[in-house]
């Protein structure tokens, strides 16, 4: 399990992570979401010991990552696909990692085949495309058969087949009982991959929930209404706070009122309704609604935040 307790990080006067607490449990894929500048990368770096918290703790299976005797067995991570020795071959890169934990070349070949790089194992990593670099980074994360895995934007640079492969891999890792934390900006992928979501904004926790619970809680779904009294019902619903659009006569798309509320109003005013269908909101809609007030970093603010991190 990966746990953050009141995790806080300052870069000078800039608060990157602010009293952040959450737990990532084994046996499920947890999506880690947030806008640019939300503090995701800093949080992941603190978990693996690359940044020191200003206060609070980040632990992997009950200990700080650096305190484990064999840390790669506890947690494998991909935070930057191209952070490798570019003149080394894929095989030698992985072998160097494997030997730190007593693994043989057999394990290297196993993970190379797992990520689809077996045929290019003896090519220098510096010649790899972004997608191939991602695959090599994932191989490095899995080299020690870890109990937990962190992958930051793992589908960057991958073609559709590669995206499907990542989706399947994450689910398989979780099904094996591993702790899986994956950061992504692709809401469509998180909607079909993640079992749980941790969402942050401006360094603070916004949600720790499932996809279904988030959508239900934010409540940004629409209701499709078919009625012969389109004009009259539209005016009525608008007076009660709804936003109504229409693509054709007699068809209303209603936001801001539930299907039950629409039905009650139509019945009260004796308007016939031929169809009343709630439309399930997407994860992207729910995410945008949730983070609406937590993504207001301007370009200048983001640049200042980056400069503060570099200076620190």
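The values are calculated or read from the model by the stated rules, or taken from the named source; none is laboratory data. Worth saying up front: this structure is predicted, and the values here are computed from it rather than measured. As a convention, Cβ positions derive from the backbone with ideal geometry for all residues, glycine included, and neighbour counts pool all protein chains shown.
Brief remarks follow.
- Residue check, residue 141 in the same structural domain as residue 71 (by TED's automatic domain parsing), surrounded by 20 or more Cβ atoms within 10 Å (Cβ to Cβ), assigned to a helix (DSSP H, G or I) and at pLDDT 90 or above: yes
- Residue 103 meets each of the listed conditions (1) at pLDDT below 90; (2) part of a strand (DSSP E or B) apart from (2).
- The set of residues in region 243-264 being surrounded by 16 or more Cβ atoms within 10 Å (Cβ to Cβ) and more than 24 Å from residue 217 (Cβ to Cβ) consists of 252 alone.
- Summed over region 188-203, residues that are part of a loop (DSSP other than H, G, I, E, B) and over 16 Å from residue 38 (Cβ atoms) total 2.
- Only a single criterion out of (1) part of a helix (DSSP H, G or I); (2) surrounded by fewer than 21 Cβ atoms within 10 Å (Cβ to Cβ); (3) touching a strand residue (DSSP E or B) at 6+ places or on another chain (Cβ under 9 Å) is not satisfied by residue 185, namely (1).
- Filtering region 153-162 to residues that are part of a helix (DSSP H, G or I) and surrounded by fewer than 18 Cβ atoms within 10 Å (Cβ to Cβ) leaves 160, 161.
Let's see how each residue does on (1) within 21 Å of residue 196 (Cα to Cα); (2) outside any strand (DSSP E or B):
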position: 6; (1), (2): yes, no
position: 9; (1), (2): no, no
position: 18; (1), (2): no, no
position: 23; (1), (2): yes, no
position: 26; (1), (2): yes, yes
position: 32; (1), (2): yes, no
position: 49; (1), (2): no, yes
position: 59; (1), (2): yes, no
position: 86; (1), (2): no, yes
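- When residues of region 242-285 are limited to those that are part of a loop (DSSP other than H, G, I, E, B) and in contact with a strand residue (DSSP E or B) (Cβ under 8 Å, 6 or more places away or on another chain), the one farthest from residue 210 (Cα to Cα): 250
- Checking each residue in region 204-234 for being more than 30 Å from residue 270 (Cα to Cα), in a loop (DSSP other than H, G, I, E, B) and modelled with pLDDT of 95 or more picks out no residue at all.
- When the test is whether a residue is part of a strand (DSSP E or B) and within 20 Å of the chain's Cα centre (by Cα), residue 150 passes it.
- Of the numbered criteria (1) loosely packed, with under 15 Cβ neighbours inside 10 Å; (2) at pLDDT below 95; (3) touching a strand residue (DSSP E or B) at 6+ places or on another chain (Cβ under 8 Å), the one residue 88 fails is (1).
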